[in-house]
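Each remark here refers to the structure printed beneath this line.
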Amino acid sequence: MPVLELVGFLAAAFIAIHIALRIFLKEADPVLLPLAACLTGIGLTMIWRLKPDLGPAQSTWLLTSTVALIVAIGFFKRYQTLKDYKYTWAILGIILLFAPIFVGAERGGARLWIDFGPISFQPAEIAKILFVLFLAAYLGEKRELLSVSTRRAYGMWLPEPKHLAPVVIMWLISLSILVLERDLGTSLLFFGLFLAMLYVATGRTMYVTFGLVLFAGGALACYFMFSHVQTRVDIWLNPWADPAGKGYQVVQSLFAIASGGLTGTGLGLGHPTLIPAVQTDFIFSAVAEELGLLGGLAVIVMYLLFVARGLKAALVAHDDFGRLVAVGLSCVFGLQAFSIIGGVTKFIPLTGVTLPFMSYGGSSILMNFILLGLLLTISARAGVRS
């Protein structure tokens, strides 16, 4: 796609969203949409540069996501009613999360996709928003019970065991994802989301400590029991042990980031296509190579600003449900960006999640736009602009 057509296409999509916001959500946060536009524009440009044959499909998904966001603004207009269906969201989320185990397709060692003819999607992308809705409704109702300690064990004051059950259930779900779907990223994302929302709802660090100890113990046990978990950790600790085999992706990513220097090689002048799956998991490495350290830092700053604006919407929200939903969506966004950027830079084990708004993938960009629509609606109800 020629540059002018690409710019015109992007501008048309986001001008349409802007007009819809001015009509239906005049008080919405004025920063979230420009940030999403910048990240989406960088991502779409890189996809057309890296894999031109995938560009039309991503552009089509962007158009679909634009329509979905505008529809979502109308659907979420009275978002408070969503808390009345919390168990429906939980059941649907669990079904979608574990559906790939039975009907999914395995790619790159992880079983995350469901194929419908030429179209593939990751059910976990939908499940993460459903879990945010469920957790926000559940924690909003139970926050007082979860904040009261009635028992003392091992030097800690604990609430009733039945109120601790959600911690144990989320721990089991996260470890099941890690073992059955071989997906470390989604496992970390869901458990991190749960701990963050639980802490915000109750203000108790004990839950975070207890949850982290549980997850660390479970992950350690999985490391000794399952070979695919050992492989991920071994690649993280020393990708140079097998640079042409298991460590090839991470090694090529590190070479790409290093060769970018401060200002990058220039768009189209680097060699990021040497990295397998560069248009999905490793698109940040391509940005760092061709736009340099400055380009990579600019992307990270935009993600930080997006999370900060989401948390601001949570701070000024007028109801507990909206406050917790905004916190949950911001955490999902921040954790996902941290997981994949940390993975491709070898800061943490490679997780395989997509980079929000930037990576190639229809279900990813579609659900990120719906997430954006819900955040904009909450910010408008809170009157962030004024």
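Residue count for region 201-237, restricted to those that are under 30 Å from residue 322 (Cβ atoms) and part of a loop (DSSP other than H, G, I, E, B): 2.
Of the residues making up region 1-42, those that are among the charged types (D, E, K, R) and over 22 Å from the mean Cα position of the chain (by Cα) are 5, 22, 26, 27. When residue 307 is tested against (1) of a type in the set (Val, Ile, Thr); (2) crowded, with 23+ Cβ neighbours inside 10 Å; (3) in a helix (DSSP H, G or I), just one condition goes unmet, and that condition is (2).
Going through region 356-377 one residue at a time, which ones are hydrophobic (A, V, I, L, M, F, W, C) and not in a helix (DSSP H, G or I)?
357, 358
Is there a residue in region 322-341 that is in contact with a Lys or Arg (Cβ under 8 Å, 6 or more places away or on another chain) and either open to solvent by 50 Å² or more (accessible area, probe 1.4 Å) or of a type in the set (S, T, N, Q) (or both)? No, every residue in region 322-341 fails to be in contact with a Lys or Arg (Cβ under 8 Å, 6 or more places away or on another chain) and either open to solvent by 50 Å² or more (accessible area, probe 1.4 Å) or of a type in the set (S, T, N, Q) (or both).
Count of region 59-78 residues, restricted to those that are without any contact (Cβ under 8 Å) to a residue 60 or more places away in the chain and touching a Leu at 6+ places or on another chain (Cβ under 8 Å), is 1. Cβ-Cβ distances below 7 Å connect the following pairs, each with a first residue in region 11-27 that is more than 20 Å from residue 59 (Cβ to Cβ), a second residue that is small (Gly, Ala, Ser) and outside any helix (DSSP H, G or I), and a separation of six or more residues or different chains: 21/28; 27/383; 27/386.
Applying the selection to region 80-96, what residues are open to solvent by less than 50 Å² (accessible area, probe 1.4 Å), of a type outside the set (D, E, K, R) and touching a Phe, Trp or Tyr at 6+ places or on another chain (Cβ under 8 Å)? Can you show your working first?
In the first step, residues of region 80-96 are kept if they are open to solvent by less than 50 Å² (accessible area, probe 1.4 Å); the result is 82, 86, 89-90, 93, 96.
When the remaining residues are screened for being of a type outside the set (D, E, K, R), the result is 82, 89-90, 93, 96.
Correct list: 82, 89, 90, 93.
Checked against the criteria, residue 188 counts as open to solvent by 30 Å² or more (accessible area, probe 1.4 Å), modelled with pLDDT under 85 and part of a helix (DSSP H, G or I).
Filtering 292, 264 for residues that are outside any helix (DSSP H, G or I), of a type outside the set (A, V, I, L, M) and at positive phi leaves a single hit, 264.
Residues considered: 201, 244. Of these, the only one that is buried (at least 23 other Cβ atoms within 10 Å of the Cβ) and either without any contact (Cβ under 8 Å) to a residue 60 or more places away in the chain or closer than 30 Å to residue 140 by Cβ (or both) is 201. Among the residues of region 3-33, those that are closer than 24 Å to residue 285 by Cα and open to solvent by 70 Å² or more (accessible area, probe 1.4 Å) comprise 3, 7.
None of 65, 59 is closer than 30 Å to residue 26 by Cβ, crowded, with 21+ Cβ neighbours inside 10 Å and at pLDDT 85 or above except 65. Residues that are under 16 Å from residue 374 (Cβ atoms) and out of contact with any strand residue (DSSP E or B) (no Cβ under 6 Å at 6 or more places or on another chain) do occur in region 11-19, at least one of them. Among the residues of region 39-55, those identified as open to solvent by 50 Å² or more (accessible area, probe 1.4 Å) and in contact with a helix residue (DSSP H, G or I) (Cβ under 9 Å, 6 or more places away or on another chain) are 49, 51. Under the condition of being part of a helix (DSSP H, G or I), modelled with pLDDT under 85 and open to solvent by 40 Å² or more (accessible area, probe 1.4 Å), the residues counted in region 102-140 number 2.
Whether a residue is small (Gly, Ala, Ser), under 18 Å from residue 339 (Cβ atoms) and not in a helix (DSSP H, G or I) was assessed, and residue 277 passes this test.
The values are calculated or read from the model by the stated rules, or taken from the named source; none is laboratory data. For clarity, every value in this text was computed on a predicted model and none was experimentally measured. Positions of Cβ are backbone-derived with ideal geometry, glycine not excepted, and every protein chain shown enters the neighbour counts. Accessible surface is based on the protein model in full, side chains and every heavy atom, while ligands, DNA and RNA are left aside. Shrake-Rupley method; radii C 1.70, N 1.55, O 1.52, S 1.80 Å.
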